[in-house]
Amino acid sequence: GTDDATIYGQTWSLQFIDGIGAIDSKATLYVQEDGKVTGRAPCNRYFASASVKGTGITIGKPGATMMACEQKLMTQESAFFDALEKVASFKVENGRLVLKAADGHELLRFAASA
């Protein structure tokens, strides 16, 4: 639809990971309406399941391909996966997606890919 406040059907580019800070990587997140999550982590491709209710979202433990990458990317990837599992809600606003923990702090921030 034309509602830009939806999490679905949009490739989101990862920009910030809690505990790591701003990152410049090719990492992405894509949420399908059937509850599948796919994308590219800082190193590997990954997949997970998600449950979305209103602005609430929970994401299951991600599975990933097992390529080795440079240490910096592996550290980012580990933090990214840890953060995904803590996600409790989301907000889409002005072409940005923020995933938040149950206590409301920002875990992950994304920008809509062109």
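The values are calculated or read from the model by the stated rules, or taken from the named source; none is laboratory data. All figures in this text were calculated on a predicted structure; none of them were measured in a lab. Neighbour counts run over all protein chains shown; Cβ positions are idealised from the backbone, glycine included. Each accessible area value is taken on the protein alone, full model and side chains, heavy atoms only, with ligands, DNA and RNA left out. Shrake-Rupley method; radii C 1.70, N 1.55, O 1.52, S 1.80 Å.
Computed values, structure above
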| read-out | value |
| --- | --- |
| Portion, in percent, of the accessible area of segment 1-106 that falls on carbon or sulfur, probe 1.4 Å | 50 |
| Residue-wise HN-Hα coupling along segment 15-29, computed from phi with Karplus coefficients 6.51, -1.76, 1.60 (Hz; x: Gly, Pro) | 10, 8, 10, 3, x, 10, x, 5, 10, 10, 9, 8, 5, 9, 9 |
| Unit charges on C-beta of K, R, D, E only; dipole of segment 1-100, Debye | 140 |
| The chain: angle of helix 71-86 to the longest principal axis, Cα-based, in degrees nearest 10 | 30 |
| Counted charge near S13, where neighbours are those whose Cβ lies closer than 12 Å (Asp, Glu -1; Lys, Arg +1) | +3 |
| Spacing of the two label points (7 Å from each Cα toward its C-beta) at M74 and K53, in nm | 3.9 |
| Accessible area per residue, Å², segment 11-114 with all protein chains present, probe 1.4 Å | 54 |
| Number of Lys pairs (Cα under 25 Å; 8 or more positions apart or on different chains) in the chain | 23 |
